[in-house]
Amino acid sequence: MIIYRSALGAELSELKSFLFTHGTNPWNHLPIDGVNREFELVANGSASMLVAVENTTFLGFVIFYHPDCLPDQYLQYTELQTTIYIAEAVVHKDYTGQGIGHHLLRLVTQQAVDFDATLLLIDRHEENMASAGMMRKAGFKLLTTHRDPQRRHYGSRNTSILSLQLNGDDET
């Protein structure tokens, strides 16, 4: 049985290794300094991490930044709404396509109420169809696509930014 819960501080090192093992592919930009910053945000309570675990095996996780830590480059998409940015969503390579990523994203929508958030933002490589499917299934809509050669070193080199408008009702 898969259990979904918040990550424990003692698990962060193992989860960082998980990210590099299961999240590394041509579509993802995972610079070590950026990943370290994200995990520091989780450790200091400025971001949250939800995990999917079966027995003692991590199956996936999602990291989301709390509204007061929204990266500046996303402010232009918020229309002054309280916004959560989903920075990472990764699923174990042997468990993709089973709805784990979708479920983790839906849990973020449920936790958004705790932050009075009305908007979720997430991004992906334009050509990453696995991420596109997971995000579409969770209800995200494409906002824009832009050239992003600093983060995207493969394919079109474009980043797509997607949003999910929360209306206060149960989003699940």
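The values are calculated or read from the model by the stated rules, or taken from the named source; none is laboratory data. What you see is a predicted model, and the numbers here were worked out from it, not measured in a lab. FYI the Cβ positions are ideal-geometry reconstructions off the backbone, even for glycines, and counts take in every protein chain you see.
Observations, loosely collected:
- Contact map, the stretch 41-53: first residue closer than 19 Å to His102 by Cα, second residue aliphatic (A, V, I, L, M) and part of a loop (DSSP other than H, G, I, E, B), Cβ cut-off under 8 Å, separation 6 or more or different chains; pairs are Met49/Ala7; Leu50/Ala7; Val51/Ala7.
- Arg37 fulfils the conditions (1) modelled with pLDDT of 95 or more; (2) surrounded by 15 or more Cβ atoms within 10 Å (Cβ to Cβ) except for a single criterion, (2).
- Candidates Leu120, Leu105, Leu143 - the one that is part of a helix (DSSP H, G or I) and aliphatic (A, V, I, L, M): Leu105
- Restricting the first member to the stretch 92-107 and to residues that are among the small types (Gly, Ala, Ser), and the second to residues that are surrounded by 18 or more Cβ atoms within 10 Å (Cβ to Cβ), the beta-carbon pairs closer than 7 Å and six or more apart or on different chains are Gly101/Gly60; Gly101/Ala89; Gly101/Val91; Gly101/Met134.
- Complete set of residues in the stretch 103-130 that are over 12 Å from Leu166 (Cβ atoms) and in contact with a helix residue (DSSP H, G or I) (Cβ under 8 Å, 6 or more places away or on another chain): Leu105, Ile122, Arg124, His125
- When residues of the stretch 142-160 are limited to those that are in contact (Cβ under 8 Å) with a residue 24 or more places away in the chain and over 19 Å from the mean Cα position of the chain (by Cα), the one nearest to Tyr77 (Cα to Cα): Ser156
- Selected residue (criterion: surrounded by the fewest Cβ atoms within 10 Å (Cβ to Cβ)) from residues of the stretch 118-138 that are among the acidic types (Asp, Glu) and more than 13 Å from the chain's Cα centre (by Cα): Glu127
- Odd one out for Leu80 among (1) in contact with a helix residue (DSSP H, G or I) (Cβ under 9 Å, 6 or more places away or on another chain); (2) of a type outside the set (Asp, Glu); (3) in a loop (DSSP other than H, G, I, E, B): (1)
- Matching residues, the stretch 139-170, being charged (D, E, K, R) and surrounded by fewer than 17 Cβ atoms within 10 Å (Cβ to Cβ): Lys141, Arg147, Arg151, Arg157, Asp169, Asp170
- Answer residue from the stretch 1-21, given it is touching a strand residue (DSSP E or B) at 6+ places or on another chain (Cβ under 8 Å) and either outside any helix (DSSP H, G or I) or at pLDDT below 95 (or both) and is farthest from Ile86 (Cα to Cα) among those: Met1
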